[in-house]
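J.: The structure's right below; bear with me while I get my questions together.
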Amino acid sequence: MRRILLFALLTGMVSVFALNPAPSHALDCGEHPGKPPTIPEAAAVTRDTINLAVTAIQAYGQAVNIYLDCLDQNQEDQFFNMTKEQQERWLNDYNTLAEGLADAQEALNRQIRIFNSRQSSIDGDS
């Protein structure tokens, strides 16, 4: 009798897990990457400073992309338990982070162009 009851309990547990499988990926995407690094003004920096900014933006971009990829993979699971307002806030936060990365990359590219232009005029004056 105990064996039948134990079997029934185990079978019931298996069927519950089969109906509600755990997601294949974790819902925790880690810590938010935060704000992008500060972009130096090219008018008064060295090549080393520009290179450090490039490295910082690349590292930030990688962190943002990993975070956004995780959010993408978990969106359906997260939206299932959210109200419409929470879903809109989630999308707004997602888009703000993606746009912030693009803005930081564009700002860095502008400063690199200014720096390179300044270097060309300095090299031409020599």
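Please treat every number below as a calculation from the coordinates, not as lab data. Everything numeric here is computed off the predicted structure, so don't read it as measured data.
J.: Applying the Karplus parametrisation 6.51 cos²θ - 1.76 cosθ + 1.60 with θ = phi - 60° to the phi angles of segment 49-57, what ³J(HN,Hα) value in whole Hz is obtained for each residue in order, glycine and proline being reported as x?
T.: My calculation for segment 49-57 gives 5, 4, 4, 5, 5, 4, 4, 5, 5 Hz in order.
J.: Moving to a separate point now. When the Karplus curve 6.51 cos²θ - 1.76 cosθ + 1.60 is applied with θ = phi - 60°, which whole-Hz ³J(HN,Hα) does each residue of segment 103-118 get, with x for Gly and Pro?
T.: These are the phi-based 3J(HN,Hα) values: 5, 5, 5, 5, 5, 5, 4, 4, 5, 5, 4, 4, 4, 5, 5, 4 Hz.
J.: Go through segment 28-34 residue by residue and turn each phi into a ³J(HN,Hα) via Karplus (6.51, -1.76, 1.60, θ = phi - 60°); whole Hz please, and just put x for glycine and proline.
T.: 8, 8, x, 6, 4, x, x
J.: Diagonalise the Cα gyration tensor of segment 26-125 and give the resulting equivalent ellipsoid semi-axes, square root of 5 times each eigenvalue, largest first, whole Å.
T.: Numbers: eigenvalues 284, 29, 14 Å².
The answer is 38, 12, 8 Å, longest axis first.
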